[in-house]
1. Given (1) of a type outside the set (Val, Ile, Thr); (2) open to solvent by less than 30 Å² (accessible area, probe 1.4 Å); (3) touching a Ser or Thr at 6+ places or on another chain (Cβ under 7 Å), identify the lone condition not met by Phe96.
2. Grab the strands (runs of 3 or more DSSP E) fully contained in segment 30-107, keeping just those with 2 or more residues being over 16 Å from the mean Cα position of the chain (by Cα).
Amino acid sequence: MSTFEEKANSEVTLSKANKNKLHLGCGRKILEEYVNIDIFPVPGVDLVCDINEGIPFEDNSFSEALAVDFIEHIQPTKAINLMNEVYRVLKPGGVFRIHVPEAPGITAYQDPTHTCFWNEESFSYYIYQHYRKERYGIYYGIIAKFKLISLKRKRHMWQKFFNNLNWNYLTNYLLDIELEAIK
């Protein structure tokens, strides 16, 4: 285990460290059954760290990782690293649950801290035996191998179209994705 992991692990209480669910970028939404991680020291956060630098836990530590309105805040050059790190800390068969605004929708771009843009095709690079992963993944440094459990697109803020007739509101979606770690 690296010094980074040792330092981070020492900050997590023993009771939380024994939990096998990880909540990435939790912000103020603290979930009791998860180890809650955020870059800001918000009350209730179990571990303050920058996920762009990696996830400071040993391999195969968690049965679930949750990222709600988080992965769009990752530095774009760190997106592959994030997916590889989540894969690394998930146990075989572990599930990565993601909720993210879909690009090119308004919600994806409205927040100035959204710097990494995702759509449903973005995840194909991490899906085991998908042609994008097989053809390009080795060149991009993608180690993660996931099975797609589910992908749901939900229309978001579409009612605003009727207020201003801005067609962009009709193409605004949120994605809910579940990926299973294949190891």
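1. Tallying (1) of a type outside the set (Val, Ile, Thr); (2) open to solvent by less than 30 Å² (accessible area, probe 1.4 Å); (3) touching a Ser or Thr at 6+ places or on another chain (Cβ under 7 Å), Phe96 fails exactly one: (3).
2. 90-102
The values are calculated or read from the model by the stated rules, or taken from the named source; none is laboratory data. Only a predicted model underlies this, so the values are computations on that prediction, with no experimental measurement involved. Cβ atoms come from the backbone with ideal geometry, glycine included; neighbour counts cover every protein chain shown. Each accessible area value is taken on the protein alone, full model and side chains, heavy atoms only, with ligands, DNA and RNA left out. Shrake-Rupley method; radii C 1.70, N 1.55, O 1.52, S 1.80 Å.
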